[in-house]
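Accompanying notes for the structure given below.
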Amino acid sequence: MPGSLRSSLTPASPGSDPTSARPIRPSATDDWEPAVAADAREPFVYLLTTRFTAPPGCSRQCPLPHMALTVSRDGGASWGAQRAICVCQGSKSQFDPTIEVVPNTGAVYSVFLNGDRAGGFSSVFVKSADHGKTWTDPVRVYGNVAWTDKPEIATSLSGKDVYVSWNGPQGGDLYVGQSHDFGATWRQQKLSTGDRYYYAYDARVLADGTAVFAESSLVYAGSKEVTGKVWHHVILSRDGGDTWQNVVVAKVATGEECVAEGCSPDYYTGQASVVSDASGHLVAAFEGASATGRPQRVSIARSRDGGRTWSAPQALSVNGENATGPRLASSGGGNVRIWYMQTTNDDPDTWNVWYRTSADGGASWSAPVRISDAPAGAAGYVHAGGFDEIYGDYGEVAVTSAGKTVAVWGEGFSYTGPGGTWFNVQR
């Protein structure tokens, strides 16, 4: 089994085990679904997570959970104090963090779900021009859409053009909100009809201005039971968001259901990622099973024509193990990096995070390396063979200004937790 491999990523604290992943906050906290972004020009890294404790310094009318930001000024070698990016008076709770750095300016953009006291959720945009110290007031990206879920953000090189995809109130219909004035004002488009429920998990704006979202769509037989095939898509606009193309990259069978406490059957189903590693060349990652109810495998597909057509899937995870949640990053020049979560010895209650790289645009890949390699007992849910359960819907990977990989993910006792946000940083 690949579990014998030694990690090539290191934790951020000097003097600690050089092969171990670490929680971003080792104290008794509870957070999940982390997002990460890195500045391409300076050594700033931004880690945003959903924190289930009150924001520091806020004792009344605080959203719970809230968006908690941690900033590294040295490429992940050390981290500052955690702080709320928006106390957002009147908000009951916040979920689904997304965060990006504007490549040419270093400004930081974020979109997240902001819940009202009546129990509704809507996606809002905030930004920071001082490396996360202060943030603008939230701006609505959703217009008159009554409800939103699972937002994903992408920005152009200048930060002027910003795109956010989410699923809406009519059975998970696909929406895109877009701003062409640095996030000040927004317009919205509904891009789907029918019974497919869309989830956005990754997005890019390419150097030529093309906006690309990685989405997965499902058909539900009940509230959480999936029927039929899972479709993995890229959604593209080459004209500044005026029109959009929906390309199906792969159709796969629904895999194993989640059996952890509090988990819904569709928890591992329907996640995708996309990256551009060279002009006109895209790599997409996704998971799926060979037959209904079988273990999922993580695969990639490649496009040489800007996402119009795609290669046949190439499997990266181990056959017979259940795998999910692939996340991609690239530093250009054909370099592609991926991590994904995979069970250990076919045990549905033991997971690890695996990392691989490609130097030729995804044609060939390095051997898998286990990066969720904290020693047994590092937390109550961490054991010699792995951790108990994936905690939260998100996790990401980014490339620092020094070309190093930063990977973040969630681990916990079960779907209901508690758990924590974990990270590992490349040497």
Residues of segment 303-336 that turn out to be open to solvent by 40 Å² or more (accessible area, probe 1.4 Å) and at positive phi, as a count: 1
Restricting segment 288-302 to residues that are of a type outside the set (Ser, Thr, Tyr) and part of a loop (DSSP other than H, G, I, E, B), the residue that is least open to solvent (accessible area, probe 1.4 Å): Pro295
Residue match in segment 71-90 (condition: open to solvent by less than 30 Å² (accessible area, probe 1.4 Å), part of a loop (DSSP other than H, G, I, E, B) and among the β-branched types (Val, Ile, Thr)): yes
Those residues of segment 40-64 which are at pLDDT 90 or above and either of a type in the set (S, T, N, Q) or surrounded by 23 or more Cβ atoms within 10 Å (Cβ to Cβ) (or both), in sequence order: Val45, Tyr46, Leu47, Leu48, Thr49, Thr50, Arg51
Within segment 120-142, tally of residues that are modelled with pLDDT of 95 or more, of a type outside the set (D, E, K, R), surrounded by fewer than 19 Cβ atoms within 10 Å (Cβ to Cβ) and farther than 11 Å from Ala184 by Cα: 3
Of all residues in segment 236-253 being β-branched (Val, Ile, Thr) and assigned to a strand (DSSP E or B), the one that is farthest from Val226 (Cα to Cα): Val247
Hits in segment 254-287 - residues which are open to solvent by 10 Å² or more (accessible area, probe 1.4 Å), outside any loop (DSSP other than H, G, I, E, B) and hydrophobic (A, V, I, L, M, F, W, C): Ala278
Check on Val102, over 21 Å from Gly395 (Cβ atoms), crowded, with 20+ Cβ neighbours inside 10 Å and either within 22 Å of the chain's Cα centre (by Cα) or among the hydroxyl-bearing types (Ser, Thr, Tyr) (or both): yes
Where Val318 falls short, out of the listed (1) under 21 Å from the mean Cα position of the chain (by Cα); (2) farther than 26 Å from Ala402 by Cα; (3) hydrophobic (A, V, I, L, M, F, W, C): (1)
Any hit, segment 347-358, residues being touching a residue at least 12 places away in the same chain (Cβ under 8 Å) and assigned to a loop (DSSP other than H, G, I, E, B): no
Unmet requirement for Tyr109, which otherwise passes all of (1) hydroxyl-bearing (Ser, Thr, Tyr); (2) open to solvent by less than 10 Å² (accessible area, probe 1.4 Å); (3) more than 16 Å from the chain's Cα centre (by Cα); (4) within 23 Å of Asp242 (Cα to Cα): (3)
Filter result (out of contact with any Phe, Trp or Tyr (no Cβ under 7 Å at 6 or more places or on another chain), modelled with pLDDT under 95 and closer than 13 Å to Asn424 by Cβ) within segment 375-400: Ala378
Segment 122-134 residues that are in a strand (DSSP E or B), paired with ones that are acidic (Asp, Glu) and open to solvent by 10 Å² or more (accessible area, probe 1.4 Å) (beta carbon under 8 Å, 6 or more apart): Ser122/Asp116; Val126/Asp137
Residue count for segment 50-65, restricted to those that are touching a Lys or Arg at 6+ places or on another chain (Cβ under 9 Å) and assigned to a strand (DSSP E or B): 1
Test: residue in segment 373-385 that is closer than 22 Å to Gly270 by Cβ, buried (at least 20 other Cβ atoms within 10 Å of the Cβ) and not basic (Lys, Arg): no
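The values are calculated or read from the model by the stated rules, or taken from the named source; none is laboratory data. These numbers were taken from a predicted model, which means no experiment stands behind them. Don't worry about glycine lacking a Cβ; one is built from the backbone with ideal geometry, like all the others, and counts go over all protein chains shown. What goes into the accessible areas is simple: the full protein's heavy atoms, side chains included, and nothing from ligands, DNA or RNA. Shrake-Rupley method; radii C 1.70, N 1.55, O 1.52, S 1.80 Å.
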